[in-house]
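Here is the structure we will look at, set down as structure tokens.
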Amino acid sequence: MKTALKGLVLRETKYKEADKILTVLTSDRGCLSLRARGVLRKNSKLAPGCQLFTYSEFTVYTASGIDMVAEADPVEMFLGLRSDIKKLALAAYIADVLCQLADEDSANGNMLRLALNSFYALSALSYPLELVRGAFELRAMAEAGFAPDLSACSVCLSEPAEALLHLRSGVLTCRACRVRTPELAQGVALPCPPAVLALVRHFETAPLNRLLSVPYTEAVLPELTQVTESYLAAQMEKSFPTLDYYKKL
Ligand SMILES: [Zn+2]
């Protein structure tokens with residue numbers, strides 16, 4: 001039996017002579033592994049739809065328990081990504097994070113929408129890459145169930161003064177409240193100045209199609225991504241070589 005599904009190719013691995021194993025992010029089945037047989041042969045009709053970072057409509061059948069690609073029609077190829085090495089490197093980091101987060105058990109249509117919107121912003125819009133990255137990092141955590149509590153200082157319950165974001169516990173405190181609270185004084189906490197706090201609050205809750213529609217200044221972006229990347233790494237207990245590569249470019 002053949003089934004149709006739409007998905008974004010996040011990863012590709014060469015297999016045997018001319019096949020590829022694709023990791024595809026779908027809206028209702030999380031990340032799937034699909035085998036595209038013969039896709040590396042000249043004139044394979046599967047090739048365009050099975051390219052890395054392409055959103056495609058797949059027709060899939062199962063053979064010996066393996067999901068095989070019968071047809072693959074590209075819906076969006078994000079061509080603007082492919083001519084810019086820095087954008088491509090950021091897309092690779094985004095794909096890396098998504099592969100770690102979106103297994104089959106944690107299917108979440110919003111994760112696919114976040115991925116598509118982020119790739120579209122990189123490909124076709126003129127936002128600074130660091131704004132796209134910060135928005136992705138924070139929202140990916142929220143969609144995966146690791147949303148920080150940004151509503152108020154977790155100790156005095158007021159708007160925090162000299163706010164700190166505690167990376168492991170995901171709470172905010174005032175600088176003074178942290179010192180007074182032994183269990184929070186231990187872990188790593190990063191300063192979250194008002195301009196950064198406004199951005200991360202927006203990224204956490206804004207409708208996905210308005211994620212990047214937010215006032216910002218270029219000057220705040222280094223502090224923003226310091227907070228979002230550290231929060232993601234602490235919550236996932238992982239560092240990403242693809243991020244190190246992107247930052248070196
Ligand atoms: Zn406080």
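Quick note: the coordinates plus some simple rules give every number you see, no bench work behind them. Bear in mind that the values here come from a model prediction, so they are computed numbers and not experimental data. Because the Cβ atoms are built from the backbone with ideal geometry, glycine has one as well, and the counts that use them run over all protein chains shown.
Here are the numbers:
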quantity	calculated
Packing-based ranking, highest mean first, of 61-67, 118-124 given that Cβ atoms within 10 Å are counted	118-124, 61-67
Potential lengthening between residue 3 and residue 176 on full extension [0.36 nm per residue; Cα-Cα distance subtracted]	56.5 nm
Residue-averaged 222 nm ellipticity for the chain, from DSSP H runs of 4+ at -39500 (n - 2.57), nearest 500	-11500 deg cm²/dmol
Size descriptor, Kirkwood hydrodynamic radius, that averages inverse alpha-carbon separations across the chain, Å	19.3
Potential lengthening between residue 15 and residue 83 on full extension [0.36 nm per residue; Cα-Cα distance subtracted]	21.8 nm
On Cα atoms only, tilt of 85-101 relative to the major axis of the chain in degrees	90
Shape category assigned to the stretch 2-76 from the gyration tensor of Cα positions, a/c cut at 1.5	rounded
Relative contact order %, the stretch 2-76, counting alpha carbon pairs below 8 Å whose residues are six or more apart	31
Segment residue 245-residue 195, extension gain: residue separation times 0.36 nm, minus the distance between their alpha carbons	15.3 nm
Computed over the stretch 122-246: relative contact order in percent, which uses C-alpha pairs under 8 Å that are six or more apart	28
C-alpha long axis of helix 194-205 to longest principal axis of the chain, angle in °	40
Angle between the chain longest axis and helix 109-124 axis [Cα atoms, degrees, rounded to 10]	90
The chain, relative contact order [Cα under 8 Å, separation at least 6], %	16
Semi-axis lengths, Å, the stretch 143-249, gyration tensor of Cα atoms, sqrt of 5 times eigenvalues	23, 18, 13
Separation in nanometres of the label points that stand 7 Å from Cα toward Cβ, at residue 61 and residue 186	5.8
